[in-house]
Amino acid sequence: MKDRSTRPGWRATLTLLAAAVIVLGACGGGRENGQNVFKPNGTAAHKINNLFTPVAFIAVGVLVFVVGLLLVAVFKFRERPGHPTNVKQVHGNTPLEITWTVIPALILAVIAVPTVSTIFDLARKPTGNVVNINVVGKQWWWQFEYPQEKIVTADEFVVPVDTQVRLTLRACDPTLGQSGYTACSVIHSFWIPELAGKQDAVPGRTSHLNFKADKTGTFLGQCAQYCGLAHARMRMRVKVVTVAEYADWVRSQQAGPAQPFLVDGKAAPGAASLIANRYQCTNCHIFDDSKKPSYGPNLTHLASREVFASGDYPLTRDNLVKWVMDAPSLVPMESQKCLEPPPATCVGMPSFTKHLPAGRQPMSKQDAETIADYLLAHK
Ligand SMILES: [Cu+2]
C-alpha cells in the first residue's frame, strides 16, 4: 500500500523550480541594467571577477559532488520492501573522516592564496597620478568632494578614464560636525558593480575604494547597505570621460555660477531673494560656491547633473519644480513630517507646501518655477 501523503510533492517541486527559473531569469539576459558584476569595466572589478570565476567553478564542483553523493544515498538506501531498514553505518570510520576533513581543508587553502592576495592588492594605496575623492554617505544621497580640485557635488561624479581613482568613504561629513546630525548614525555601502567592489561607509570610520575605469561611459550604482526608509532609492552614478573632458568639467565646476547668488553680501534679486530670504533654502544648501559642502547637496552646479534627488529622478524642470515645492512626496517612505529647519529635526528635505510651521504660507508654483529656472540657468 502506498501512502500518497508521504510521496514527494513533485508538482510543488516543479512549480518552485519554474518560479526560481523565472525569478533568476530577471538577473541576466539581453536587458542591460548597468550594474552587472559579470561585465567588469575597471581594474578592481576585473580583479574581483578573475577571483570569483575560478572560485565559483570550484564551489559548483563541490556542490555537484556532495549533492550527487546525497542523492545516491537517498535513492540507494531508501526504504523498500525486502531491504533492511537499518543499513550498515559508516560512523567512526577514521580513514573516511580524515579524508573528508583534509580534502576541504586543502581546497580552502588553495582558494585562500589568490583571495588573500587580491584583498591586499585591492587595498593597496595607489601612487602616481591619482584622483582623490571624499565620498560621504548621507540619508539618502551621496556627496562627492574633490579635495585637490576643491569641488563638492552630489549624486553624480566624474572621473577621467584610465586614471587611478581613490575614494575615501565616510558616513558622516566631518566638516559639518556631528552634533544633532542624525544622518551620521547609519552605515551605507558604496557599490558601482562594473567598476569596483562593495565598500561600507561606517560612522566614525574611514574606508577606501580604488579603481581605474578602462572605458568611458556612465556607470550606475546604489547604496548596498540598508540605511533607513528611503535606502532603496539611494543611487549614484559615475561618468567616466576622457582626460580632456575631465579637465573641462573640473574647470566648469570650479567657476562660480553665471549669476552670483550674493552680491556684496546681499541677496541678488528675484530667485535669489526667494532662496535666501523667503524660504531660507540657504540654511541647508550652498548655491553659489562649489567648494563647500553643506547639509543638503551643494546646488551651485546642479544643472550640470543628469539626475538629482538621490540620483533617482532625471533633472527636468517639471521634476525640479515638484521637488522644490514638496520634496517628501517624491521620496517613498520618507518621513512625511519632515519640517522646516533646524536640520536636526529630519534627515531629508522639508516640504514647502505641507506640514508648515504655524503662520507659514505654502510655496506657490510660481515661486517654485522661479527657483527652478534659476537653478537650471547655469551649468
Ligand atoms: Cu545608504
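Computed quantities for the displayed model
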{"read-out": "Residues satisfying the stated conditions in segment 137-150, i.e. in a strand (DSSP E or B) and away from the ligand (no atom under 11 Å from the Cβ)", "value": "143, 144, 145, 146"}
{"read-out": "Given (1) of a type outside the set (Ser, Thr, Tyr); (2) within 22 Å of residue 145 (Cβ to Cβ); (3) near the ligand (Cβ under 10 Å from one of its atoms), index of the condition residue 232 fails", "value": "(2)"}
{"read-out": "Exclusive hit being under 23 Å from the mean Cα position of the chain (by Cα) and in a loop (DSSP other than H, G, I, E, B), set 88, 125", "value": "125"}
{"read-out": "Exclusive hit being assigned to a helix (DSSP H, G or I) and either of a type in the set (A, V, I, L, M, F, W, C) or within 30 Å of residue 226 (Cβ to Cβ) (or both), set 118, 99, 168, 153", "value": "118"}
{"read-out": "Count of residues meeting criterion [among the charged types (D, E, K, R) and either surrounded by 20 or more Cβ atoms within 10 Å (Cβ to Cβ) or under 20 Å from residue 349 (Cβ atoms) (or both)] in segment 107-166", "value": "4"}
{"read-out": "Flag if residue 200 is modelled with pLDDT under 90, within 16 Å of the ligand (Cβ to nearest atom) and of a type in the set (Asp, Glu)", "value": "no"}
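A quick yes/no check of all residues on (1) closer than 29 Å to residue 190 by Cβ; (2) at pLDDT below 80:
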residue	(1), (2)
236	yes, no
244	yes, no
265	no, yes
268	no, yes
274	no, no
299	yes, no
355	no, yes
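Residues are listed down the side, and each one gets a yes or a no for (1) more than 10 Å from the ligand (Cβ to nearest atom); (2) in contact with a His (Cβ under 7 Å, 6 or more places away or on another chain); (3) not assigned by TED's automatic domain parsing to the domain that holds residue 139:
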| site | (1), (2), (3) |
| --- | --- |
| 204 | yes, no, no |
| 215 | yes, no, no |
| 222 | no, no, no |
| 249 | yes, no, yes |
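The values are calculated or read from the model by the stated rules, or taken from the named source; none is laboratory data. On a predicted model such as this, the values are computed, not experimentally measured, just so you know. All Cβ positions, glycine included, derive from the backbone under ideal geometry; neighbour counts span all protein chains shown.
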